[in-house]
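This report concerns only the one structure given below.
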Amino acid sequence: MTRVVLADDQTLVRAGFRSMLDGEEDISVVAEAGDGEEAVRAARSERPDVVLMDIRMPGLDGLEATRRIVADERLREVKVVILTTFDLDEYVYGALKAGASGFLVKDTEPAELIHGVRVVARGDALLAPSVTRRLIGEFAGRLKEPPPAPRLNSLTEREREVMAAVAAGLSNEELARRLTLSPATAKTHVSRVLTKLGARDRAQLVVIAYETGMVRPGWLS
């Protein structure tokens, strides 16, 4: 059973999401929160698989709440998905950089919301939609010159290829086909890259890839 916490300051939004998610046999909404403080408390008490986090809430906003959840070692298995009204929102980029596993626009279709929760719960990131790469490219691309990235020196040539493929939003299966690897080998390479770079998940690999200049905005569109 995938356990979900809903964090949004609008009661009707939470009710709508709860109705959609609780209707699935494999998903259960275990708590709701109306602001960031409540979201952090719910994450700590419930230890959910996924927190659906509104980015703009009164008091402690979703960005800072995400940072606190990601920084808590006890919550390492908790995945945060950002909810936003706008697909190009600089706060979303900040949340992805802080460790969120992806984002969904609030007017997303019910099937896409449910799919997104399942994807993140199993350890993947919501990276496939082109709008996610566009968002990261938009804001990471504002860096005039990528900063030196000595930590990338630890990657082998193959691992760099794997990281670039992850930045393109490819799943392990798609990555395996592109690089002519078995899915198991592709998964192993991704895990090694995550470990070497100290990244929480694939979403952070995408941010690192753009910020270090490994890939450029528009290169993967």
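The values are calculated or read from the model by the stated rules, or taken from the named source; none is laboratory data. Bear in mind that the values here come from a model prediction, so they are computed numbers and not experimental data. Surface accessibility is based on the protein's heavy atoms, side chains included, excluding ligands, DNA and RNA. Shrake-Rupley method; radii C 1.70, N 1.55, O 1.52, S 1.80 Å.
Using a 1.4 angstrom probe with every protein chain in place, what is the largest-first accessible-area order of F86, F17? Before the final figure, lay out each step's value.
Numbers: F86 115, F17 15 Å².
Highest to lowest solvent-accessible surface, that is F86, F17.
I'd like to check one number: the per residue accessible area of the range 3-66, probe 1.4 Å, reported in Å² as a whole number.
On the way: 2710 Å² over 64 residues.
On a per-residue basis, the range 3-66 sits at 42 Å².
Which value, in Å³ per residue, describes the convex hull spanned by the Cα atoms of the range 1-130? Intermediate results must be reported in sequence, preceding the final value.
Details: hull volume 11.9 nm³, N = 130.
Per residue, the Cα convex hull of the range 1-130 comes to 91 Å³.
Give me the percent of accessible area attributable to carbon and sulfur for the range 156-198, probe 1.4 angstrom. Don't skip to the end; give the middle numbers.
Values: 1130 of 2250 Å².
That fraction is 50 percent.
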